[in-house]
Structures are given as C-alpha cells and as structure tokens.
Amino acid sequence: MRQIYSFKEKRVLIIGGSGGIGMSSAISFAKLGADVFVIARTGKKLEELVNRGIDEGFAGNIQSSVQDINNLDYFNKWFDGITKKGLVFDVLVNSAGIYPHKTLFEVEEFDWDNTFSTNLRSIFFITQHIARHMKRHKGGVIINIASFASKIPSVNTG
C-alpha cells in the first residue's frame, strides 16, 4: 500500500487511547510518523501500546500518561508543562468515553455524573484548552469520536 501522507514532525494528542478506536488511532498516526501522546486511565494497556510501538518500529514515537481526565486541573498543568518545553500539538483526538453497563434501575447518581463528566464535561474543557494552544500556533485539527452506542439503543440499559 502506498503511503500518501506523512505525519513526520507532527504531534498528536489522543484522549482515551488505551483501547478501541483511540488505540487504533495512536497506532495509525505513529505508523505514519507522528509523535503520539496518549492519555488514559489504564496504565497497563498504555504500557503495552508504547511497547508495541517500540517492538514494531513505528516511524513515530508513542508516549503515554496515566490520567483521569475528570481532573482538569491536573490535565491542564500536565499539558502546560509539556508545551512549555516547546511542544506544539497539531492534532487532538477525543476518543475517551465510558458507559455504565447497568439497567435503568441500577444506574446511580455517581454513574450518571461520572459518565457525563467523562464523556462531555472533561472533553469540552480539554478541547477548549488545547484549541487555545492551537490558535496561538496558527492551526491544528480536532477530531471527536463517538461510539456507535450513541446511535443504537440497547435493551435494559440506562
């Protein structure tokens, strides 16, 4: 397969990259030469992803940070710290998402609040923060990914 685009010297930040579409995106961008930074709550899966990039010799590097994106202060300090070193992000991929696999009657207030905080609130404010960074550097691309579950109802779920 002929490669028609290179991401060499591009930096990609993936929020929610320890599985599914986020992980696949990280691998694809790294294979195309991007330096990829992946945020997720699952350290073991992130470690496996980083090691896969090394083992398979991806053209770009994969780095990771274990974080709960609901802690916006921590995320913003982390992001500001790495960008103060001169890193400029060209692409943001929002792939984080959770869903309580419970019936309507089992969902509790914590489940509801945590789902909306992770899937909407944190993604909005992280995007806002990074969009300011991209604007200062005259450009960037933001990709928002949603699960098919947003379109297809499931039986007995909240």
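Brief remarks follow.
- Residue match in the stretch 99-107 (condition: surrounded by fewer than 16 Cβ atoms within 10 Å (Cβ to Cβ) and outside any loop (DSSP other than H, G, I, E, B)): no
- Qualifying residue in the stretch 65-78 (condition: over 29 Å from Asp113 (Cβ atoms) and either open to solvent by less than 20 Å² (accessible area, probe 1.4 Å) or not small (Gly, Ala, Ser) (or both)): no
- Any hit, the stretch 122-144, residues being of a type outside the set (Ser, Thr, Tyr), touching a strand residue (DSSP E or B) at 6+ places or on another chain (Cβ under 8 Å), surrounded by fewer than 16 Cβ atoms within 10 Å (Cβ to Cβ) and within 17 Å of Ala40 (Cα to Cα): yes
Yes or no, residue by residue, for (1) out of contact with any Cys (no Cβ under 6 Å at 6 or more places or on another chain); (2) modelled with pLDDT under 95; (3) among the acidic types (Asp, Glu):
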site: Gln63; (1), (2), (3): yes, no, no
site: Asn71; (1), (2), (3): yes, no, no
site: Asp80; (1), (2), (3): yes, no, yes
site: Ile98; (1), (2), (3): yes, yes, no
site: His101; (1), (2), (3): yes, yes, no
site: Glu108; (1), (2), (3): yes, no, yes
site: Ser117; (1), (2), (3): yes, no, no
site: Ile123; (1), (2), (3): yes, no, no
site: His133; (1), (2), (3): yes, no, no
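- A residue that is touching a residue at least 60 places away in the same chain (Cβ under 8 Å), β-branched (Val, Ile, Thr) and part of a loop (DSSP other than H, G, I, E, B) occurs nowhere in the stretch 90-98.
The values are calculated or read from the model by the stated rules, or taken from the named source; none is laboratory data. Keep in mind the model is a prediction, meaning the values are calculated, not measured. Ideal geometry is used to build each Cβ from the backbone, glycine not excepted, and the neighbour counts take in all protein chains shown. Accessible surface areas use protein heavy atoms only, side chains included; no ligands, DNA or RNA. Shrake-Rupley method; radii C 1.70, N 1.55, O 1.52, S 1.80 Å.
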